[in-house]
Structure formats: structure tokens, C-alpha cells
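The values are calculated or read from the model by the stated rules, or taken from the named source; none is laboratory data. From a predicted model like this one, the values you see are computed outputs, not experimental measurements. Cβ: placed from backbone, ideal geometry, glycine included. Neighbour counts: every protein chain shown.
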Amino acid sequence: MRKLCISAEYGYHARFVERVTLAKQMGFDEVFLSMRRRGKRLALFEDICLGIELCKQHNIGIEFIHLPNIKNYNLLWEEGTNGDIFCDYLIGIIAQCAMLGCKLFVTHTGYKKELMPPVNEFGLKRFERLAKACEKFDVRLAIENTESYEHDTFILENIKSKNVGLCFDSGHQNVFYNENEKDILDRFGNRLMAVHLHDNFGEKDEHYIPRYGNIDWDILLAKLKTLPEVAITFEIKNFTLFNENHEPQVLNHESEEDAKLFLQKAVSVAKEMQEFLK
């Protein structure tokens, strides 16, 4: 049976331990942790390491670590030492988390399509360094389909390492990829390592619970059923439910009762998927 996973940042504004233990109590098996900005600074190693240790203490599995989505990612595609320094930074995160038992990492290929340099050998060589680091530490790196189909497919086409594969993001495909680009699962699905399942209406990356937007989940799940088995991972951040008239009902981020309602709906949808994908 596939495990059920949810982002540790699903919208409930409580302490980390309260947030992840509630997710487990409501039916999720695991969480994933993201390096993200906290105020004006990037989350430090210590933040992620503390999250890993707290999950261990409370017997909550960690599906993967999501590397930071920040502007510095575009340095990887630029000539010069700044790109090498940022690559070293990412390798340091992977090494540190690998020592703590984490086996899977998810990465973007850049930050905002309009700001990304064209694909080039500088970027390829740095992602090759990341691949070699993953081989060294016996961990895997999943390339997430984000805003630039060209950059995402360039890396997956040119890096053949068994330690590098695909993290398929349903919401990103629906918003950022045009109709001619929605073949990433056909091209690289045999290398699937993780998924980010969430919904939207094709205009904004809204991160709704699946089946709250216009993604055709019947087609997508039928495709996923033919691919390597991965956890059913929800990357839902929009703390919203919809009523019977399809009107959005934004929940109170501070309310445990609202968090339970939100998680109850999310788990229900996840278990339907789990049953279909058996």
C-alpha cells in the first residue's frame, strides 16, 4: 500500500510538532520538509535538522527534503564562482541531511522562468556535481517540473545517473506547461521518484486539495498507476475548502478544528487515490 504524505507546511499556523503530529493523527503516514524563507532569511541547516530530529522523536516518517526555491538557483546557470558556491551550499545540505538518514531530495532547476538564463553547459556541469554528490552519499535527487520545461527536460535528458529522476508536480504542469509540453511523464515517468499532488484552475499555482480545480485526475491517476510506485504526496498550501456550490471557504489558519476539517478532507481524497493505485 502506498504511503500517504503531506507537506509539513500545509497551512495550519501552529508549532511544527503540533502541525505534523496532527497530520499523522488524521491519517497521513509521512511529511516532507521544505527549506523556505523565514522572514528575511533563508532557513538554516539547523532548522531542517531540528525538523528531522523532531519527526524521529514523534515517529513521523519523512518522505523527502525539498531544497530551497530561491533566486540563487539561477546562479547555477551562470559563469563564475557564485554558481559554484551555491552548488557547494546545496551539496552541503544534502550531505548533512543524508547523515541524519534522509534518502530523497527534491530540487527545482531555477527560479522564475523569465529570470532564468538559457540552458547551457555551466548549469549542466553543476547539476552533474549534485548527481555525483548523491551517488557519493547514496541518496536520490528528484528534478521537479517547475516553470521551465526546457530546463527541466534538459537536465533529465543529459544526466543519466540512477540517483537522479523526476518529481512530478501536477499543479505546475497545469499552470506552467503548454499543451505541447505536457508529456513529461511520458518521457521520464520511468524515472519517477516522487510526486507533488495538488490542484488549481490552470491560471495560478494555488495548491488546492486535489479535485478542487480543473486537473483531470482520472487521466492522471491512470497514468501514475503504470509508473514506478511512489508515495501519494500532497503539496497543499491553500488552507481552503469548497462548499457544495463550489465556492471557496478559507479556513482559520490558527484553528485546530479547521485544521482537522482540512486534513480530514485531504486524507479522504488521498485514500481514494491510494485505493485506485493499489
With criteria (1) surrounded by 13 or more Cβ atoms within 10 Å (Cβ to Cβ); (2) modelled with pLDDT of 95 or more, residue 216 comes up short on (1)
Within the range 209-239, the residues that are touching a helix residue (DSSP H, G or I) at 6+ places or on another chain (Cβ under 8 Å), on the phi < 0 side of the Ramachandran plot and not hydrophobic (A, V, I, L, M, F, W, C) are 210, 213, 214, 223, 225, 226, 228, 235
Among residues of the range 169-189 being touching a Gly at 6+ places or on another chain (Cβ under 9 Å) and without any contact (Cβ under 8 Å) to a residue 40 or more places away in the chain, the residue surrounded by the most Cβ atoms within 10 Å (Cβ to Cβ) is 188
Any hit, the range 71-78, residues being more than 24 Å from residue 169 (Cα to Cα) and either surrounded by fewer than 17 Cβ atoms within 10 Å (Cβ to Cβ) or not aliphatic (A, V, I, L, M) (or both)
yes
- Looking at residue 164, is it aliphatic (A, V, I, L, M), surrounded by fewer than 20 Cβ atoms within 10 Å (Cβ to Cβ) and at pLDDT 95 or above? no
Taking the range 224-237 and the residues there that are at pLDDT 95 or above and either of a type in the set (A, V, I, L, M) or in contact with a Gly (Cβ under 7 Å, 6 or more places away or on another chain) (or both), the one that is farthest from residue 13 (Cα to Cα) would be 227
Taking the range 219-233 and keeping residues over 19 Å from residue 23 (Cβ atoms) and either buried (at least 21 other Cβ atoms within 10 Å of the Cβ) or polar (S, T, N, Q) (or both) leaves 224, 226
Those residues of the range 234-260 which are out of contact with any Phe, Trp or Tyr (no Cβ under 7 Å at 6 or more places or on another chain) and either polar (S, T, N, Q) or surrounded by fewer than 17 Cβ atoms within 10 Å (Cβ to Cβ) (or both) amount to 243, 244, 245, 246, 247, 252, 254, 255, 256, 257, 260
